[in-house]
Amino acid sequence: MKARLLLVLAALPLVTLGADAPRTAQISPQQQVLETERAFAKTMADRDLAAFGRFVSAEAVFVSSTRTLRGRQQVIDGWRKLYEGPAAPFSWEPKTVEVLSSGRLALSSGPVHDAAGKLVGTFTSIWRLEAPGAWFIVFDSGCEVCARCADAT
């Protein structure tokens, strides 16, 4: 019985995080989320939709001004066109990361830049710790910056 359980466990896929996501508990939860958000953003630069999807929780909700995407597959399908073509249409980076004292939920936020590097928006994401060192995005929302703010950068 024990050998059968070990065989079954060995056959299960590992947690499928992006290649650059932190994988140890040796760094703080805040640093884990910061590195996870950076690895998540890198999927856009790398044009790697499959890697993008590995960061998205099965329960994810992505909210925009025009629609709400629910669940991993709907989010992936909704973002698919953004991953087509040789150049990323935008980039993002975390500037703020806060983690609950329980260490189970985190918020990340920061600027969104267009392909030319101009500030065009901001994002806010909520991450959930689903396994040691394995953060998945559960909520995401972005908004455009006003023209005056965008022109000031």
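The values are calculated or read from the model by the stated rules, or taken from the named source; none is laboratory data. What you see is a predicted model; the values in this text were computed from it and never measured. Positions of Cβ are generated from backbone atoms using ideal geometry, with glycine treated the same way; all protein chains shown enter the neighbour counts.
A single member of 87, 106, 116, 58 is out of contact with any strand residue (DSSP E or B) (no Cβ under 6 Å at 6 or more places or on another chain), among the small types (Gly, Ala, Ser), modelled with pLDDT of 95 or more and closer than 22 Å to residue 32 by Cβ, and it is 58. Residues that are touching a strand residue (DSSP E or B) at 6+ places or on another chain (Cβ under 9 Å) and either part of a loop (DSSP other than H, G, I, E, B) or acidic (Asp, Glu) (or both) were ranked within region 91-101; the one that is nearest to residue 131 (Cα to Cα) is 100.
Checking each residue in region 76-109 for being in contact (Cβ under 8 Å) with a residue 24 or more places away in the chain and small (Gly, Ala, Ser) picks out 85, 87, 88, 91, 103, 106, 108. Can you confirm whether residue 141 is out of contact with any Leu (no Cβ under 9 Å at 6 or more places or on another chain) and loosely packed, with under 13 Cβ neighbours inside 10 Å? Considered against the rule, which asks whether it is out of contact with any Leu (no Cβ under 9 Å at 6 or more places or on another chain) and loosely packed, with under 13 Cβ neighbours inside 10 Å, residue 141 comes out as no. Comparison of 36, 96, 66, 43 shows that the only residue that is at pLDDT below 95 and either farther than 14 Å from residue 127 by Cβ or hydroxyl-bearing (Ser, Thr, Tyr) (or both) is 66. Among the residues of region 53-100, the one identified as crowded, with 18+ Cβ neighbours inside 10 Å, β-branched (Val, Ile, Thr) and under 20 Å from residue 113 (Cβ atoms) is 97. Quick one: would you say residue 67 is within 27 Å of residue 30 (Cβ to Cβ) and of a type in the set (D, E, K, R)? Answer is no for this residue.
Of the residues making up region 47-90, those that are assigned to a strand (DSSP E or B) and closer than 15 Å to residue 139 by Cα number 11.
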